[in-house]
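Since the structure comes first, as structure tokens, the remarks are kept for the end.
Taken together, the values in this text are just the output of simple stated rules run on the coordinates, not laboratory data. Small disclaimer: the values here were computed from a predicted structure and weren't measured. With ideal geometry, Cβ positions are generated from the backbone for all residues, glycine too; neighbour counts draw on all protein chains shown.
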Amino acid sequence: MGRLFGTNGVRGVFNKDLTLDLALRLSYALGTYFKEGKVLLGYDGRYSSPLLADVVTAGLNAMGLDVYNAGLVPTPCLQYCVKRLGYDGGVMITASHNPPEYNGIKVMARDGVEIPREEEGIIEEIFFSSNFKLSDRLGREYSISNAIDVYINGILSLVDYDAIRSKGFKVVVDLGNGAQAVAVPRLLDALGCKVITINERIDGSFPGRGSEPTVDNLHDLKAKVIDSNADLGVAYDGDGDRSIFCDEHGNIYTGDRSGAILIDHILKQSKGYSNDVKIVTPINSSMLIDIVASKYRAKVIRIKVGSVEVSREMLRSNALLGLEENGGFMYARHIAVRDGAMSTALMLEALAVSNNSLSELNSMHRRFYQYKTKFQCSSTESLRVIEELRNDAKDKRVESIDGIKIWIDDESWVMVRQSGTEPIMRLYAEASDDVRLKDIVRLYTEKIRSILKR
Ligand code: MG
């Protein structure tokens, strides 16, 4: 049996891998899986999103399910509303940060979090066997207009509203032509901020800086923060679940660095019970997370790379926080999924409550140096690389949660893993010293190249 779901929902190039025909059959499979009830549907700003939304709605209606259409919303808004408003499930049409020609279908359980991997398997089985249970009763389509209000109010209820408002922060937001354009400016306005927006026009071709914010493509955000003397800058990905922060001097932070700052703030606020707090993060994020957590005796749970894995583990272990190095931050009091808007509100709260600028908060944490690169190779080749590196690392501490992570010493590590979506192998490395990091990267790049040549 083939696979339909990738690392993050069903995703592919629209009209090529992801056709309307496939979307219709998938919605029959979803209808069979959900059996009955009401499903909340939302979509991002891609050109193909409304087409897919119509077809999925028709498919689910034909299977007897009622579909409530929330319209164009950020993914975390749809997810929060599924949980908060008591839907039986949710469907989000989005390809997140992928290029414009892509689209995708994400399926949420009633808790608002993407369905677990095992459940994806059940839907795939129904899909590939065409074992659809058609209904005598046709479902109906309704539209709901309050999803964004519910979402914004939910976020506002979890932060120190007065403390943030009293500061009158100036914030530059790079919306990346994506879905947070419908929510974040309103949220910041409610928090008393002076908001400056860039790439605020929703456009499925992502003409601004592309749909994925990275440390390297946020020049406009940096410049605007400096020019306008802003307190903070933030950029979001296409569907608004990831956020990348920029301090008042125009320095862009990696997701694990800003995540560590948020964790420090939240645990400080939770003093007294923070030794019960659990933080879930994949094996490839910074050691800084462990250092910050140990200050409060919070427990860090390291798992496989992937946001769904983080969310599901958070629910399993009753964790308060989760984060990824790519800018995904999860706060379980809100919902155990990545949310760029929630993260922004929490960062403003951190600034307001501490009376520090972001660069000052950052300077309270040790500096670590990180490096990421990739190699073109098949999954068989990458297995061979991992095996050979394992044999080669006999005298070192090795972790095998995802690919292989080799600890060179107590403060430096290198990790390689096969990508879940492309024929590439990723290398991550981190060290407390820049020269040390370069040496490690050079050494392991050579090792990998020579294994691949054999
Ligand atoms: Mg995303």
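Side notes on the structure shown:
- Members of K35/K106; K167/K268; K295/K394 lying beyond 22 Å, as alpha-carbon distances in this model show: K295/K394
- In Hz, Karplus ³J(HN,Hα) per residue of the range 82-89 (6.51, -1.76, 1.60; θ = phi - 60°; x = Gly, Pro): 4, 5, 5, 9, x, 7, 7, x
- Each peptide among 144-155, 79-90 gets the average number of other Cβ atoms lying within 10 Å of its residues, and from highest to lowest they stand as 79-90, 144-155.
- Net charge of Cβ neighbours under 13 Å - reference L437; Lys, Arg +1; Asp, Glu -1: -1
- Using C-alpha pairs under 8 Å with a sequence gap of at least 6, the mean separation divided by the residue count of the range 10-145 gives a relative contact order of 34 percent.
- Paramagnetic label zone (point 7 Å from Cα along Cα-to-C-beta, N355; backbone N under 20 Å) in the range 147-188: 160-170
- The range 1-148 shape via C-alpha gyration tensor axes, a/c threshold 1.5: rounded
- Here the sum of -39500 (n - 2.57) over DSSP H runs of 4 or more residues, divided by the residues of the chain, equals -12000 deg cm²/dmol at 222 nm, to the nearest 500.
- Placing unit charges on the Cβ atoms of the charged side chains and taking the dipole of the chain about its Cα centre, the candidate lying farthest along the positive direction among L351, I289, Q180 is I289.
- Working note: Karplus 6.51/-1.76/1.60 with θ = phi - 60° gives the range 417-433 the couplings 8, 7, 5, x, 10, 10, x, 9, 10, 9, 10, 10, 8, 8, 8, 7, 9 Hz, where Gly and Pro are set to x.
- Gap separating the Cα centres of the range 203-223 and the range 184-198, nearest whole Å: 19
- The phi-based Karplus calculation (6.51 cos²θ - 1.76 cosθ + 1.60; θ = phi - 60°) puts the 3J(HN,Hα) values of the range 206-218 at 6, x, x, 10, x, 8, 10, x, 10, 4, 9, 10, 10 Hz, whole numbers, x for Gly and Pro.
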